[in-house]
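Below: one structure, written as structure tokens.
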Amino acid sequence: MLTRTDQPERDECAERLRALIAEGGYAPGDRIPPERQLIEMMGITRAGLRRALDFLERDGVIWRHVGKGTFVSYGATDAVTEDAFAGIGNQLSPYRMMRARICVEPAIAREAAVYASREQVARIDAAAKRARAAASWSEYERQDDQFHRAVAEAADNALLLALFDSLNRVRREVAWGAVTRSNARPPRDHSSFAEHDAICAALAAHDADAAFQAMRAHLQSVSSRLFEGI
């Protein structure tokens, strides 16, 4: 149930890395420097850089490919577009934001079931397992973000990925309320765990209809929990 309004999370290292990408002339699809070089360029710790990379990946600014490096996403934005996203987010209620996700993400999951590679399915499954093992709600939310973006990447379509990233960027500007929680971490029977597993199973089986239905059921379940009693 929603009880209060929170502002979107901000991270100083992430904002510095975002500026470095924008000012360095990196275009969508370009690989950015490796971690060691970024640490030297930015004068930050490895932990700070990795937190920044996680944040920008969740924000759709970059994507990472194991063994190949970190790349600028096709959904990366400049300051003008950031303002546009903020304007849209300020006009949306959390309920309408969830309606948009329910319209878009199941269709992306259906495409992912058709085109996902074995490696991509493994990445999605690994994100689901990390979410299940999360020791706090904030860590769960980070892993949940990575799970959903990995599904979008698996659709193998730059336009759909940019659409997902844009949707996700607007989502961060919406004035979300905090959920009343009695535990410091998700309980073992948290319904999203089984829902994530159902999505993974459908993707692994390359069952497009099942992937669509599993993602839709998951988002509807999330929406029901968020707006219970409203």
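The values are calculated or read from the model by the stated rules, or taken from the named source; none is laboratory data. It should be emphasised that the depicted structure is a prediction, and the values quoted were computed from it without experimental measurement. So basically every Cβ, Gly included, is an ideal-geometry build from the backbone, and we count neighbours across all protein chains shown.
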Inset, instruction - For the stretch 123-165, name all the residues that are surrounded by fewer than 19 Cβ atoms within 10 Å (Cβ to Cβ) and of a type in the set (S, T, Y). - result: S136, S138
Legend entry - Residue within the stretch 120-143 that is under 25 Å from A22 (Cβ atoms), outside any loop (DSSP other than H, G, I, E, B), at pLDDT below 90 and of a type outside the set (V, I, T) present: yes
Inset, instruction - Filter the stretch 128-141 for residues that are closer than 13 Å to C200 by Cα and without any contact (Cβ under 8 Å) to a residue 40 or more places away in the chain and give the result. - result: K129
Legend entry - Output for the stretch 91-126, where each listed residue is closer than 21 Å to A194 by Cβ and either in contact with a strand residue (DSSP E or B) (Cβ under 7 Å, 6 or more places away or on another chain) or of a type in the set (D, E, K, R) (or both): R101, E105, R110, R123, D125
Inset, instruction - Scan the stretch 76-93 and give yes if some residue there is outside the structural domain of L38 (by TED's automatic domain parsing) and at pLDDT 75 or above, otherwise no. - result: yes
